[in-house]
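Only one structure is covered here, and it is reproduced in the block below.
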Amino acid sequence: SDELFENEVKGQALALRGMTSSEIATIAKTGKTSAGKKVSRSMYAATIDHTMSNGGFEDRANVLSSLAGKDAVIKNRAINAAFAKGDNNILGNGFGDAILQDKVGSMDDLENMAIDNAADGNLQPEHLVQNAGATKWLAQASIDAYGKNNPKAPAARHGIKDAAIQARANPNTSKNINGTIDAAFKKVGA
């Protein structure tokens with residue numbers, strides 16, 4: 001049945017060619033069309049595959065934050081794709097287990113995981129220069145954490161700032177700092 005399902009997903013992937021990116025993203029996040037019509041499981045899987053492969057960090061985060069209550073096959077597709085893109089470097093390695101256990105039900109939950117990861121000192125300078133969208137998202141999440149009275153906000157900001165300063169100081173990572181990353185670094189005081 002797994003092979004049959006995968007063949008159905010491949011067939012549905014061909015159907016995506018006639019859809020807009022925003023419609024694909026809507027289905028990947030909700031399992032429904034923008035008109036509210038529920039899609040087949042194979043179409044849902046195809047849109048998740050497409051979004052996780054072709055979307056930016058925030059697109060992937062939107063999918064990851066919407067998987068509560070979905071079946072394990074669907075969750076694992078998204079989790080594996082996120083790991084392949086290196087999103088665990090920002091979110092922390094435990095995000096997959098948290099999604100499988102339905103502990104992630106919103107973007108706030110993902111942001112809290114990223115804040116915990118940064119506060120625990122798990123960020124590396126090279127992680128911050130690999131994906132400008134992820135770094136921008138993380139910097140904003142660290143700022144938002146103060147407004148949400150997250151007790152780990154100061155430690156997270158410190159962790160991000162330290163990694164950012166190291167990234168600026170190292171010639172191997174500093175050459176990858178673009179305008180988006182530079183702006184994110186400045187937001188956290190680096």
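The values are calculated or read from the model by the stated rules, or taken from the named source; none is laboratory data. What you are looking at is a predicted structure, and each value in this text was computed from that prediction instead of being measured. Reconstructed Cβ throughout: ideal geometry from the backbone, glycine too, with neighbour counts over all protein chains shown. Note: accessible area is taken over every heavy atom of the protein model, side chains too, but ligands, DNA and RNA are not part of it. Shrake-Rupley method; radii C 1.70, N 1.55, O 1.52, S 1.80 Å.
Helical content alone sets the calculated 222 nm signal of the chain at -21000 deg cm²/dmol, taking -39,500 (n - 2.57) per DSSP H segment of four or more residues and averaging over every residue. The ratio of the alpha-carbon radius of gyration of the chain to the globular-protein estimate 2.2 N^0.38 Å is 1.09. How large a share of the accessible area of the range 1-114, in percent, is made up of carbon and sulfur atoms when the probe is 1.4 Å and the other protein chains stay in place? Carbon and sulfur atoms account for 48 percent of the accessible area of the range 1-114. In a reduced charge model with +1 at each Lys and Arg Cβ and -1 at each Asp and Glu Cβ, the range 65-190 shows a dipole moment near 360 debye about its Cα centre. Taking all Cα pairs closer than 8 Å and separated by 6 or more residues, the relative contact order of the range 12-90 comes to 26 percent.
Note on the chain: GNM, Cα springs under 10 Å; of SER66, SER40, SER142, the largest mean-square fluctuation is that of SER40.
Taking all protein chains into account, the per residue accessible area for the range 66-129 stands at 40 Å² (1.4 Å probe). Axis angle, to the nearest 10 degrees, between helix 21-30 and the longest C-alpha principal axis of the chain: 90 degrees. Between the helical axis of 153-169 and the dominant principal axis of the chain, each derived from Cα atoms, what acute angle in degrees is found, rounded to the nearest 10? The two axes meet at around 80 degrees. Global dimensions of the range 134-190 from alpha-carbon coordinates: Rg and Dmax equal 11.4, 36 Å.
With a Cα cut-off of under 17 Å and a minimum spacing of 8 residues unless on different chains, the lysine pairs in the range 1-151 number 13.
Find me the longest stretch of the chain that has none of the exposed trypsin sites (Lys or Arg not before Pro), where exposed means in a DSSP loop (not H, G, I, E or B) with at most 10 other Cβ atoms within 10 Å. Maximal segment without exposed cleavage sites: 38-174. Ligands, DNA and RNA left out, the accessible area of the range 118-190 computed with a 1.4 Å probe is 49% carbon and sulfur.
Cut-off 10 angstrom, C-alpha nodes, Gaussian network model of the chain. Which of ALA13, ALA45, ALA153 fluctuates the most? Among ALA13, ALA45, ALA153, the largest GNM mean-square fluctuation belongs to ALA13. In this simple spin-label approximation, SER40 and ASN76 carry label points 7 Å from Cα along the Cα→Cβ vector, and these lie 2.1 nm apart.
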